[in-house]
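Heads up: the structure comes next, in structure tokens.
The values are calculated or read from the model by the stated rules, or taken from the named source; none is laboratory data. Nothing here was measured: the structure is a model prediction, and the numbers come from that model. Heads up, the Cβs are rebuilt from the backbone with ideal geometry, glycines too, and the neighbour counts pull from every protein chain shown.
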Amino acid sequence: MKVEQEIWTVSDFVSEKEKIQISPAWQRGPAWTAPRQVLLIDSMLRSLDIPKVYLRVRDQNGAYAYDAVDGQQRLRAIWLFRDNELPLKNAEKLEPIGQEDVNGKTYSALPKRLRDAFDEFEITVAKIVESDQLEISRLFSRLQQGVPLNPAELRNAMLGPVRNLVEAIALSHSFFTNSRIPQPRYRRQDYVAHVFALGAHGTELDIKAPNLKHLYQEFDASHNNALMKISKEVEAAFAFLDALNALLGFSIRHKWIVVDLAWWVIQQLRLKVKLDVQVTASRFQVFDALRRKFTHAPEEALVSSEVSKRLSKHLYNYLVAFKLQGGTKGNVLVRSNAIDQFLSA
């Protein structure tokens with residue numbers, strides 16, 4: 001990797017805006033709230049230093065000249081303010097800059113001296129002129145270690161076959177487009193990654209964040225046949241869940257419920273069991289009603305007349321495992337056995 005340090009002004013970033021790909025594949029989308037954006041702009045207006053921006057130089061034949069490797073949130077805030085779309089509103093009133101009250105003002109409403117100072121504000125740019133995708137992914141991951149990115153966002157930076165398959169299912173599968181599962185911060189990708197890990201290794205391994213990260217590293221292009229098989233199973237499982245969810249009023253959205261059900265479906269498909277969505281919906285409603293009723297007092301399920309003696313222990317085990325670390329292989333196996341007892345009865 002070859003990096004060249006440069007100094008750009010805000011005016012430079014404004015003039016180059018259309019040439020900078022603000023959301024390359026490894027990046028998350030907009031994440032900063034307006035107050036955080038305002039504090040950045042306020043710091044710049046007071047001539048306080050801000051972190052450098054990393055730009056990767058792209059081939060000159062494309063629509064963009066640069067990828068924003070790090071600094072996306074800062075650039076979004078700068079451009080919004082410069083376009084008069086980010087007024088300086090903050091829960092705590094901003095101190096005057098000199099004698100000027102800037103509270104609630106947009107860029108155009110500022111006096112010329114502050115506008116000029118903002119436009120001339122200097123930002124260090126680390127221009128990456130030579131690199132490969134692996135180096136960029138590693139750099140992005142390292143740069144984000146000090147900020148609150150979640151594991152799913154960090155995995156998204158690990159470009160490769162697993163990441164691409166997970167992304168495709170999360171963004172286009174009907175289960176997710178029809179569901180009430182939120183999109184921000186790669187939540188849907190996180191759900192798919194957990195199911196994908198179970199499809200790959202079953203309950204032989206944990207499916208916690210470090211294991212999912214290893215999964216993304218483990219499978220490269222040489223594993224295409226295995227990846228396609230797993231991907232088809234995962235897609236089929238979510239297709240069944242989509243039909244099931246429609247019958248249940250799209251109430252299936254908790255991560256571990258989705259993961260547990262999808263893994264159960266994959267196991268049934270591998271056993272060549274013919275699934276009936278209507279029957280499964282009816283059985284799941286019974287299970288879920290009991291799960292919700294006894295979730296705060298699992299021990300009561302053991303003595304309740306509402307649960308058969310055969311199923312009470314499984315319900316208790318599920319509830320306890322549900323409360324504990326969801327991604328440990330032992331707890332996944334316990335929940336899997338319990339789900340099977342209720343849905344395959």
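When LEU311 is tested against (1) in a helix (DSSP H, G or I); (2) without any contact (Cβ under 8 Å) to a residue 60 or more places away in the chain; (3) under 29 Å from ALA193 (Cβ atoms), exactly one condition is not met: (3). Summed over region 25-63, residues that are at pLDDT 85 or above, under 25 Å from the mean Cα position of the chain (by Cα) and assigned to a loop (DSSP other than H, G, I, E, B) total 4. Among the residues of region 256-286, the ones that are surrounded by 14 or more Cβ atoms within 10 Å (Cβ to Cβ), within 22 Å of ALA193 (Cβ to Cβ) and not small (Gly, Ala, Ser) come to 13 in all.
Any residue in region 225-253 that is among the charged types (D, E, K, R) sitting within a Cβ distance under 7 Å of a residue that is not in a helix (DSSP H, G or I)? List the pairs, counting only those 6 or more apart or interchain. So the pair list comes out as GLU235/HIS173; ARG253/SER179; ARG253/ARG180; ARG253/ILE181. For region 112-126, state whether one or more residues are at pLDDT 80 or above, within 30 Å of ASP220 (Cβ to Cβ) and surrounded by fewer than 20 Cβ atoms within 10 Å (Cβ to Cβ). Yes: one or more hits. Look at ARG253 and say whether it is within 29 Å of the chain's Cα centre (by Cα), of a type in the set (D, E, K, R) and not in a helix (DSSP H, G or I). Here the answer is yes, as ARG253 does meet what is asked.
All conditions in (1) in contact with a helix residue (DSSP H, G or I) (Cβ under 9 Å, 6 or more places away or on another chain); (2) modelled with pLDDT under 95; (3) loosely packed, with under 15 Cβ neighbours inside 10 Å hold for LYS309, with the sole exception of (1). Only residues that are out of contact with any Ser or Thr (no Cβ under 6 Å at 6 or more places or on another chain) and part of a loop (DSSP other than H, G, I, E, B) were counted in region 161-215, giving 12.
Residue pairs whose Cβ atoms lie under 7 Å apart, separated by 6 or more positions or on different chains, with the first residue in region 320-340 and free of Cβ contacts under 8 Å to residues at least 12 places away in the same chain and the second part of a helix (DSSP H, G or I), are LEU324/ASN331; ASN331/ALA321.
Which of the residues spanning region 150-200 are under 22 Å from LYS329 (Cα atoms) and without any contact (Cβ under 8 Å) to a residue 24 or more places away in the chain? Of everything in region 150-200, those that are under 22 Å from LYS329 (Cα atoms) and without any contact (Cβ under 8 Å) to a residue 24 or more places away in the chain turn out to be ARG188, ALA197.
Conditions (1) at positive phi; (2) part of a loop (DSSP other than H, G, I, E, B); (3) within 26 Å of the chain's Cα centre (by Cα), marked per residue:
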{"position": "TRP263", "(1), (2), (3)": "no, no, yes"}
{"position": "LYS272", "(1), (2), (3)": "yes, yes, no"}
{"position": "PHE287", "(1), (2), (3)": "no, no, no"}
{"position": "GLY326", "(1), (2), (3)": "no, yes, yes"}
{"position": "VAL334", "(1), (2), (3)": "no, no, no"}
{"position": "ALA338", "(1), (2), (3)": "no, no, no"}
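Rundown of residues vs (1) more than 25 Å from THR33 (Cα to Cα); (2) β-branched (Val, Ile, Thr), yes/no style:
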{"position": "ALA152", "(1), (2)": "no, no"}
{"position": "ASN178", "(1), (2)": "yes, no"}
{"position": "VAL192", "(1), (2)": "yes, yes"}
{"position": "LEU198", "(1), (2)": "yes, no"}
{"position": "THR203", "(1), (2)": "yes, yes"}
{"position": "PRO210", "(1), (2)": "yes, no"}
{"position": "GLN217", "(1), (2)": "yes, no"}
{"position": "HIS223", "(1), (2)": "yes, no"}
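Among the numbered criteria (1) at positive phi; (2) at pLDDT 95 or above, which one does TYR186 miss? Going through (1) at positive phi; (2) at pLDDT 95 or above one by one, TYR186 breaks only (2). Considering region 209-222, the residues that are touching a helix residue (DSSP H, G or I) at 6+ places or on another chain (Cβ under 7 Å) and not small (Gly, Ala, Ser) include one that is farthest from ALA197 (Cα to Cα), namely ASP220. Total residues in region 50-95 satisfying the condition of being among the acidic types (Asp, Glu), farther than 13 Å from VAL10 by Cα and surrounded by fewer than 16 Cβ atoms within 10 Å (Cβ to Cβ): the figure is 4.
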